[in-house]
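Undergrad: Can you keep this structure in mind? I'll have questions shortly.
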Amino acid sequence: MLKSVAAAALVFSAMLTAPAHAAADVPDYVTIDVVTVNGSGCPAGTAAVAASDDRTAFTVTYSQFLAQAGQGTSPTDFRKNCQLNIRVGYPQGFTFGIAQADYRGFAHLQAGATGSEKGSYYFQGMSEGTSRTHTFTGPKSDNWQATDHADVAEVVYAPCGETRNLNINTELRVNAGTTSKPASFMTMDSTDSSVSTQYRFSWLRC
């Protein structure tokens, strides 16, 4: 189980249960407890969470998050996912939402093949949730980047005064198409070990 002191949280759903207004600053402290990590894209010990020093973001770095399809691959390799369940700690009087998520990795897609990245975000115990999907088309053999961005009016925050775990589910899919060429693949990491997925959050005062 991964645990890390950090900043943040994700949210594109849920309604505030108390009035809130935009915070001019960030809380004095933020902690992240990674409760569970599950999924074929993040076997035990292959995902790490770290916070930014200014408490405005946190990052997730993967070392075995790879989806592939085509010659020599297993029928189940075309889809990989990772779900993080995160408990966020911060001072009373604040609440949070995710304003932006930046995903990065490497894609090697043959002509006719496609790859996609999907991010889903929701608070535990709440039925509503939001997801965004980004698709890439071959031929491509290069780093890729995708951003989920919410305008100010679109950011939804955790209910004021309540503790709700945040679920982040990330998925990669590869479709080989009709090509008979060697396998296509897509990773959530990169040849550059400094590249990771970053989540930027927005704070509100309740």
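The values are calculated or read from the model by the stated rules, or taken from the named source; none is laboratory data. Please read these numbers as outputs of a predicted model, since none were measured by experiment. Ideal geometry is used to build each Cβ from the backbone, glycine not excepted, and the neighbour counts take in all protein chains shown. Each accessible area value is taken on the protein alone, full model and side chains, heavy atoms only, with ligands, DNA and RNA left out. Shrake-Rupley method; radii C 1.70, N 1.55, O 1.52, S 1.80 Å.
Undergrad: List, please: which pairs have Cβ atoms under 6 Å, are six or more places apart or on different chains, and start with a residue in the stretch 169-186 that is at pLDDT 95 or above and end with one that is basic (Lys, Arg)?
TA: Glu171/Lys118; Leu172/Lys80; Arg173/Arg79
Each row is one residue, and each column tells you yes or no for (1) part of a strand (DSSP E or B); (2) of a type in the set (A, V, I, L, M); (3) on the phi > 0 side of the Ramachandran plot.
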position: Val60; (1), (2), (3): yes, yes, no
position: Asn81; (1), (2), (3): yes, no, no
position: Pro91; (1), (2), (3): no, no, no
position: Arg104; (1), (2), (3): yes, no, no
position: Glu117; (1), (2), (3): yes, no, no
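Undergrad: Please count how many residues of the stretch 97-123 are open to solvent by less than 10 Å² (accessible area, probe 1.4 Å), hydrophobic (A, V, I, L, M, F, W, C) and either within 17 Å of Ala183 (Cα to Cα) or over 13 Å from the mean Cα position of the chain (by Cα) (or both).
TA: Here the count works out to 4.
Undergrad: Next up: Quick one: how many residues across the stretch 62-96 are basic (Lys, Arg), closer than 30 Å to Ser202 by Cα and either modelled with pLDDT under 90 or surrounded by fewer than 21 Cβ atoms within 10 Å (Cβ to Cβ) (or both)?
TA: Of all residues in the stretch 62-96, those basic (Lys, Arg) come to 79-80, 87.
From what is left, the residues that are closer than 30 Å to Ser202 by Cα are 80, 87.
Still in the list and also either modelled with pLDDT under 90 or surrounded by fewer than 21 Cβ atoms within 10 Å (Cβ to Cβ) (or both): 87.
Total satisfying the criteria: 1.
Undergrad: Would you say Ile32 is in a strand (DSSP E or B), open to solvent by less than 30 Å² (accessible area, probe 1.4 Å) and free of Cβ contacts under 8 Å to residues at least 60 places away in the same chain? First the steps, then the outcome.
TA: Numbers: in a strand (DSSP E or B): yes; open to solvent by less than 30 Å² (accessible area, probe 1.4 Å): yes; free of Cβ contacts under 8 Å to residues at least 60 places away in the same chain: yes.
Judged against the criteria, Ile32 is a match.
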